[in-house]
Amino acid sequence: ELKVKCPKQNLGCLWQGELGTLEKHLDPVHGDCTADVPCKYNCGRKFPVGSLDDHYRTCDKRPYTCGHCLGFSSTYAEVTGVHCLTCPRYPIRCPNGCLAMIQRRNIQKHNSKCRLAVNCRYEFAGCTTKLGQSAMEQHLQENTAQHLGMVEEAYRRLTLACDRDADKYREEVRSKDQEIRRLQDKLKHSNQHSKTLEREVKSLENEMEELKEELDEYDDSDSDNFPTTLPKQLVLNDFYDLQESEEKWYSPPFYVEGYKLCL
(Lines give C-alpha, C1' and ligand atoms only; values in the text may rest on other atoms or scores of the structure.)
Protein backbone atom coordinates (compact mmCIF):
# COMPACT_ATOMS: atom_id res chain seq x y z
CA GLU A 1 0.00 0.00 0.00
CA LEU A 2 1.33 3.41 -1.00
CA LYS A 3 2.57 5.52 1.91
CA VAL A 4 1.82 9.28 1.85
CA LYS A 5 2.30 12.28 4.10
CA CYS A 6 -0.40 14.73 5.20
CA PRO A 7 -0.83 17.43 2.53
CA LYS A 8 -0.92 19.98 5.38
CA GLN A 9 2.50 19.00 6.59
CA ASN A 10 3.62 22.58 6.04
CA LEU A 11 0.97 23.65 8.59
CA GLY A 12 2.46 21.40 11.24
CA CYS A 13 0.80 17.99 10.75
CA LEU A 14 3.40 15.19 10.83
CA TRP A 15 0.99 12.39 9.88
CA GLN A 16 2.14 9.63 7.49
CA GLY A 17 0.03 6.70 6.40
CA GLU A 18 -1.49 4.67 3.62
CA LEU A 19 -3.16 6.51 0.79
CA GLY A 20 -6.49 4.84 1.53
CA THR A 21 -6.64 6.36 4.99
CA LEU A 22 -5.80 9.93 3.92
CA GLU A 23 -9.43 10.91 3.44
CA LYS A 24 -10.31 9.71 6.94
CA HIS A 25 -7.29 11.55 8.30
CA LEU A 26 -8.47 14.85 6.75
CA ASP A 27 -12.12 14.44 7.80
CA PRO A 28 -13.06 17.76 9.57
CA VAL A 29 -15.12 15.91 12.16
CA HIS A 30 -13.56 12.56 12.77
CA GLY A 31 -10.10 13.15 11.30
CA ASP A 32 -6.93 13.33 13.32
CA CYS A 33 -5.07 15.92 11.29
CA THR A 34 -3.22 18.24 13.65
CA ALA A 35 -2.49 20.98 11.13
CA ASP A 36 -3.63 24.42 12.29
CA VAL A 37 -6.15 25.69 9.73
CA PRO A 38 -7.39 29.33 9.78
CA CYS A 39 -11.09 29.88 10.56
CA LYS A 40 -13.14 30.26 7.41
CA TYR A 41 -15.02 33.17 9.01
CA ASN A 42 -11.78 35.14 9.25
CA CYS A 43 -11.79 35.49 12.98
CA GLY A 44 -7.95 35.34 12.85
CA ARG A 45 -7.61 32.11 14.79
CA LYS A 46 -6.32 28.68 13.65
CA PHE A 47 -7.47 25.24 14.77
CA PRO A 48 -6.70 21.63 13.97
CA VAL A 49 -8.99 20.30 11.27
CA GLY A 50 -10.77 18.04 13.73
CA SER A 51 -11.63 20.98 15.98
CA LEU A 52 -12.95 23.37 13.33
CA ASP A 53 -16.61 22.33 13.60
CA ASP A 54 -16.60 22.98 17.35
CA HIS A 55 -15.06 26.37 16.71
CA TYR A 56 -17.50 27.27 13.92
CA ARG A 57 -20.44 26.75 16.31
CA THR A 58 -19.06 29.39 18.72
CA CYS A 59 -17.02 31.70 16.48
CA ASP A 60 -17.83 35.38 17.05
CA LYS A 61 -17.53 35.98 13.31
CA ARG A 62 -20.05 33.33 12.26
CA PRO A 63 -23.19 34.53 10.39
CA TYR A 64 -26.02 35.35 12.76
CA THR A 65 -29.52 36.84 12.54
CA CYS A 66 -31.20 38.70 15.40
CA GLY A 67 -33.71 36.34 16.98
CA HIS A 68 -35.89 39.21 18.23
CA CYS A 69 -36.54 41.45 15.24
CA LEU A 70 -35.54 38.81 12.60
CA GLY A 71 -34.60 41.69 10.34
CA PHE A 72 -30.90 42.23 11.04
CA SER A 73 -28.16 39.81 9.96
CA SER A 74 -24.42 40.12 10.50
CA THR A 75 -21.78 38.37 12.58
CA TYR A 76 -22.65 36.93 15.96
CA ALA A 77 -20.52 39.57 17.68
CA GLU A 78 -22.18 42.42 15.76
CA VAL A 79 -25.73 41.22 16.43
CA THR A 80 -25.31 40.40 20.11
CA GLY A 81 -22.85 43.14 21.02
CA VAL A 82 -24.05 46.13 18.99
CA HIS A 83 -27.43 45.59 17.36
CA CYS A 84 -29.13 44.33 20.52
CA LEU A 85 -28.34 47.64 22.21
CA THR A 86 -30.74 49.38 19.82
CA CYS A 87 -33.00 46.56 18.60
CA PRO A 88 -36.63 47.75 19.13
CA ARG A 89 -37.83 44.24 19.95
CA TYR A 90 -35.02 43.33 22.31
CA PRO A 91 -36.41 42.62 25.80
CA ILE A 92 -34.99 44.74 28.59
CA ARG A 93 -35.81 45.01 32.27
CA CYS A 94 -38.03 47.88 33.39
CA PRO A 95 -35.74 50.87 34.11
CA ASN A 96 -38.02 51.88 36.99
CA GLY A 97 -37.20 48.75 38.96
CA CYS A 98 -40.54 46.91 38.79
CA LEU A 99 -38.68 43.80 37.43
CA ALA A 100 -40.90 43.49 34.34
CA MET A 101 -39.28 42.53 31.00
CA ILE A 102 -40.48 44.72 28.14
CA GLN A 103 -39.52 45.06 24.50
CA ARG A 104 -37.46 48.20 24.03
CA ARG A 105 -40.07 49.71 21.69
CA ASN A 106 -42.74 49.42 24.43
CA ILE A 107 -40.81 51.10 27.26
CA GLN A 108 -42.64 54.44 26.87
CA LYS A 109 -46.00 52.69 26.91
CA HIS A 110 -44.99 50.69 29.99
CA ASN A 111 -43.78 53.81 31.80
CA SER A 112 -47.23 55.39 31.48
CA LYS A 113 -48.67 52.69 33.76
CA CYS A 114 -45.68 51.41 35.70
CA ARG A 115 -46.37 51.56 39.43
CA LEU A 116 -42.84 52.90 40.11
CA ALA A 117 -42.78 55.61 37.41
CA VAL A 118 -43.01 59.33 38.25
CA ASN A 119 -43.97 62.33 36.13
CA CYS A 120 -41.30 64.76 34.95
CA ARG A 121 -41.04 67.84 37.20
CA TYR A 122 -41.56 69.94 34.06
CA GLU A 123 -44.96 68.41 33.41
CA PHE A 124 -46.51 71.85 34.02
CA ALA A 125 -44.57 73.13 30.99
CA GLY A 126 -45.71 70.31 28.71
CA CYS A 127 -43.21 67.46 29.25
CA THR A 128 -45.12 64.16 29.18
CA THR A 129 -42.18 61.89 30.13
CA LYS A 130 -42.83 59.39 32.91
CA LEU A 131 -39.89 57.36 34.27
CA GLY A 132 -38.48 55.75 37.37
CA GLN A 133 -36.56 57.89 39.83
CA SER A 134 -33.09 56.93 38.59
CA ALA A 135 -34.05 57.20 34.92
CA MET A 136 -35.78 60.52 35.62
CA GLU A 137 -32.52 62.03 36.92
CA GLN A 138 -30.83 61.09 33.66
CA HIS A 139 -33.78 62.45 31.70
CA LEU A 140 -33.51 65.81 33.48
CA GLN A 141 -29.76 66.04 32.82
CA GLU A 142 -30.07 65.13 29.13
CA ASN A 143 -33.03 67.41 28.36
CA THR A 144 -32.13 70.63 30.19
CA ALA A 145 -32.28 72.74 27.02
CA GLN A 146 -35.63 71.24 25.94
CA HIS A 147 -37.11 71.81 29.38
CA LEU A 148 -35.90 75.42 29.39
CA GLY A 149 -37.59 75.98 26.04
CA MET A 150 -40.81 74.45 27.39
CA VAL A 151 -40.73 76.73 30.42
CA GLU A 152 -40.17 79.81 28.24
CA GLU A 153 -43.08 78.83 26.00
CA ALA A 154 -45.31 78.14 29.01
CA TYR A 155 -44.36 81.56 30.47
CA ARG A 156 -45.18 83.24 27.17
CA ARG A 157 -48.60 81.56 27.00
CA LEU A 158 -49.27 82.43 30.65
CA THR A 159 -48.33 86.08 30.05
CA LEU A 160 -50.67 86.30 27.07
CA ALA A 161 -53.47 84.71 29.08
CA CYS A 162 -52.89 87.11 31.98
CA ASP A 163 -52.94 90.08 29.60
CA ARG A 164 -56.23 88.89 28.12
CA ASP A 165 -57.70 88.39 31.58
CA ALA A 166 -56.42 91.80 32.70
CA ASP A 167 -58.08 93.49 29.71
CA LYS A 168 -61.28 91.61 30.47
CA TYR A 169 -61.21 92.63 34.14
CA ARG A 170 -60.43 96.26 33.29
CA GLU A 171 -63.42 96.32 30.97
CA GLU A 172 -65.59 94.81 33.69
CA VAL A 173 -64.33 97.42 36.18
CA ARG A 174 -65.18 100.23 33.74
CA SER A 175 -68.63 98.76 33.19
CA LYS A 176 -69.25 98.40 36.94
CA ASP A 177 -68.00 101.93 37.55
CA GLN A 178 -70.45 103.28 34.99
CA GLU A 179 -73.25 101.28 36.59
CA ILE A 180 -72.32 102.65 40.04
CA ARG A 181 -72.37 106.21 38.71
CA ARG A 182 -75.76 105.61 37.10
CA LEU A 183 -77.17 104.23 40.36
CA GLN A 184 -75.66 107.12 42.33
CA ASP A 185 -77.35 109.62 39.99
CA LYS A 186 -80.60 107.70 40.30
CA LEU A 187 -80.26 107.69 44.09
CA LYS A 188 -79.57 111.42 44.09
CA HIS A 189 -82.73 112.06 42.06
CA SER A 190 -84.66 109.68 44.29
CA ASN A 191 -83.50 111.58 47.37
CA GLN A 192 -84.59 114.85 45.82
CA HIS A 193 -87.94 113.35 44.88
CA SER A 194 -88.26 111.90 48.39
CA LYS A 195 -87.66 115.32 49.91
CA THR A 196 -90.29 116.79 47.62
CA LEU A 197 -92.73 114.10 48.67
CA GLU A 198 -91.91 114.74 52.32
CA ARG A 199 -92.70 118.43 51.89
CA GLU A 200 -95.96 117.56 50.15
CA VAL A 201 -96.88 115.10 52.90
CA LYS A 202 -96.07 117.74 55.50
CA SER A 203 -98.24 120.22 53.69
CA LEU A 204 -101.09 117.72 53.51
CA GLU A 205 -100.73 116.96 57.18
CA ASN A 206 -100.96 120.67 57.98
CA GLU A 207 -104.04 120.97 55.81
CA MET A 208 -105.55 117.96 57.58
CA GLU A 209 -104.90 119.58 60.92
CA GLU A 210 -106.57 122.77 59.78
CA LEU A 211 -109.56 120.82 58.46
CA LYS A 212 -109.82 118.92 61.73
CA GLU A 213 -109.79 122.17 63.66
CA GLU A 214 -112.47 123.64 61.40
CA LEU A 215 -114.54 120.46 61.72
CA ASP A 216 -114.20 120.54 65.48
CA GLU A 217 -115.30 124.17 65.55
CA TYR A 218 -118.21 123.35 63.29
CA ASP A 219 -119.20 120.37 65.40
CA ASP A 220 -119.01 122.49 68.54
CA SER A 221 -121.22 125.18 67.04
CA ASP A 222 -123.77 122.61 65.89
CA SER A 223 -123.76 120.84 69.21
CA ASP A 224 -124.80 124.06 70.89
CA ASN A 225 -127.87 124.41 68.67
CA PHE A 226 -128.95 120.78 68.43
CA PRO A 227 -129.50 118.06 70.98
CA THR A 228 -126.90 115.37 71.27
CA THR A 229 -129.41 112.57 71.69
CA LEU A 230 -132.23 111.41 69.56
CA PRO A 231 -135.41 113.33 70.62
CA LYS A 232 -138.37 111.29 71.67
CA GLN A 233 -140.62 113.38 69.40
CA LEU A 234 -139.86 115.44 66.28
CA VAL A 235 -142.39 118.08 65.37
CA LEU A 236 -142.48 119.14 61.71
CA ASN A 237 -144.37 122.36 61.23
CA ASP A 238 -146.21 122.90 58.00
CA PHE A 239 -145.91 119.21 57.17
CA TYR A 240 -148.83 119.21 54.76
CA ASP A 241 -147.64 122.29 52.94
CA LEU A 242 -144.16 120.77 52.60
CA GLN A 243 -145.63 117.50 51.43
CA GLU A 244 -147.48 119.15 48.56
CA SER A 245 -144.50 121.22 47.48
CA GLU A 246 -141.92 119.92 44.96
CA GLU A 247 -138.95 121.06 47.00
CA LYS A 248 -136.90 118.66 49.14
CA TRP A 249 -137.21 119.11 52.81
CA TYR A 250 -135.49 117.74 55.93
CA SER A 251 -136.00 117.69 59.64
CA PRO A 252 -133.78 119.76 61.93
CA PRO A 253 -130.40 118.03 62.52
CA PHE A 254 -129.63 116.05 65.67
CA TYR A 255 -126.73 113.95 67.08
CA VAL A 256 -126.71 110.28 68.00
CA GLU A 257 -123.52 108.87 69.60
CA GLY A 258 -121.38 111.45 67.88
CA TYR A 259 -123.05 111.16 64.45
CA LYS A 260 -124.99 114.10 62.98
CA LEU A 261 -128.34 112.98 61.49
CA CYS A 262 -131.48 114.42 59.98
CA LEU A 263 -134.73 113.04 58.54
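The values are calculated or read from the model by the stated rules, or taken from the named source; none is laboratory data. None of these values were measured; they are calculated from a predicted model. Reconstructed Cβ throughout: ideal geometry from the backbone, glycine too, with neighbour counts over all protein chains shown. Remember, those area values only see protein heavy atoms, side chains included, never the ligands or the DNA or RNA. Shrake-Rupley method; radii C 1.70, N 1.55, O 1.52, S 1.80 Å.
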Query raised in the report: Does G132 satisfy the criteria of being on the phi > 0 side of the Ramachandran plot, in contact (Cβ under 8 Å) with a residue 24 or more places away in the chain and open to solvent by less than 70 Å² (accessible area, probe 1.4 Å)?
Result: no
Query raised in the report: Which of the residues spanning region 71-91 are hydrophobic (A, V, I, L, M, F, W, C) and surrounded by fewer than 12 Cβ atoms within 10 Å (Cβ to Cβ)?
Result: L85
Report task. Those residues that are buried (at least 16 other Cβ atoms within 10 Å of the Cβ) and aliphatic (A, V, I, L, M), I need them from region 52-70; list them, please. Result -> L52
Report task. Could you grab the pairs with beta carbons closer than 9 Å, sequence gap of 6+ or different chains, first residue in region 135-150 and closer than 20 Å to L116 by Cβ, second one open to solvent by less than 40 Å² (accessible area, probe 1.4 Å) and part of a helix (DSSP H, G or I)? Result -> A135/N111; L140/H147
Query raised in the report: Got at least one residue in region 29-38 being surrounded by 13 or more Cβ atoms within 10 Å (Cβ to Cβ), polar (S, T, N, Q) and part of a strand (DSSP E or B)?
Result: no
Query raised in the report: What number of residues within region 135-160 satisfy the criterion of being out of contact with any strand residue (DSSP E or B) (no Cβ under 8 Å at 6 or more places or on another chain) and open to solvent by less than 30 Å² (accessible area, probe 1.4 Å)?
Result: 4
Report summary line: Reported set for region 93-124 where residues are surrounded by 15 or more Cβ atoms within 10 Å (Cβ to Cβ), of a type in the set (A, V, I, L, M) and modelled with pLDDT of 90 or more is I102
Query raised in the report: Quick check: is even one residue across region 9-20 outside any helix (DSSP H, G or I) and closer than 30 Å to P88 by Cβ?
Result: no
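To keep it simple, each residue is scored yes or no on (1) under 25 Å from C127 (Cα atoms); (2) out of contact with any Phe, Trp or Tyr (no Cβ under 8 Å at 6 or more places or on another chain); (3) not in a helix (DSSP H, G or I).
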{"position": "R57", "(1), (2), (3)": "no, yes, no"}
{"position": "Y64", "(1), (2), (3)": "no, no, yes"}
{"position": "H68", "(1), (2), (3)": "no, no, yes"}
{"position": "T80", "(1), (2), (3)": "no, no, no"}
{"position": "C84", "(1), (2), (3)": "no, no, no"}
{"position": "I92", "(1), (2), (3)": "yes, yes, yes"}
{"position": "L99", "(1), (2), (3)": "no, yes, yes"}
{"position": "I107", "(1), (2), (3)": "yes, yes, no"}
Query raised in the report: What pairs come up if the first residue lies in region 48-67 and is farther than 17 Å from D32 by Cβ and small (G, A, S), the second is in a helix (DSSP H, G or I) and modelled with pLDDT of 90 or more, and their beta carbons are under 9 Å apart, counting only those six or more places apart or on different chains?
Result: G67/V79
